[in-house]
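Below is one structure, written out as structure tokens; comments come after it.
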Amino acid sequence: MPKTPLRPSPPPLEANDVAIVGGGTVLWFVAFLVLLPFHNSLQRSGHGNWPWICLAGGCLGLIGLWYCRARRDAIRRSREAADTTEPPATRLD
């Protein structure tokens, strides 16, 4: 069976990680606020930890948001440093 030649990997897709993580974090906090008034009925049915799980998800989302912003800024600084150290292109006319 002949092997198919390997193709080069495509460049990675750019996504707005800060917006994605920020949206998820907001959803965790909204879920916490929605479940909080029902804490007693959730407690009686054995699901009293759900609001606290949502609160923990929101807090972890804040950590993720900090990480994504730091990563985005580091990538931006790296690209700017690479652009300034590249010599100008010379024309071969």
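Using a cut-off of 12 Å between beta-carbons, work out the net charge of the residues near Arg77 (Lys and Arg +1, Asp and Glu -1, Arg77 not included).
On the way: positive: Arg71, Arg72, Arg76, Arg79; negative: Asp73, Glu80, Asp83.
Value of the local net charge: +1.
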Of every Cα-Cα pair in the chain, the percentage lying beyond 16 Å is 72
In whole Hz and in residue order, list the ³J(HN,Hα) couplings for region 30-35 that follow from phi through the Karplus curve 6.51 cos²θ - 1.76 cosθ + 1.60, θ = phi - 60°; x for Gly and Pro. 5, 4, 4, 5, 5, 7
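Laboratory data are not the source of any read-out in this text; all were calculated from the coordinates shown. Values in this document were obtained by computation on a predicted structure and should not be read as measured data. Using ideal geometry, Cβ is built from the backbone for each residue, glycine included, and neighbour counts are taken over all protein chains shown.
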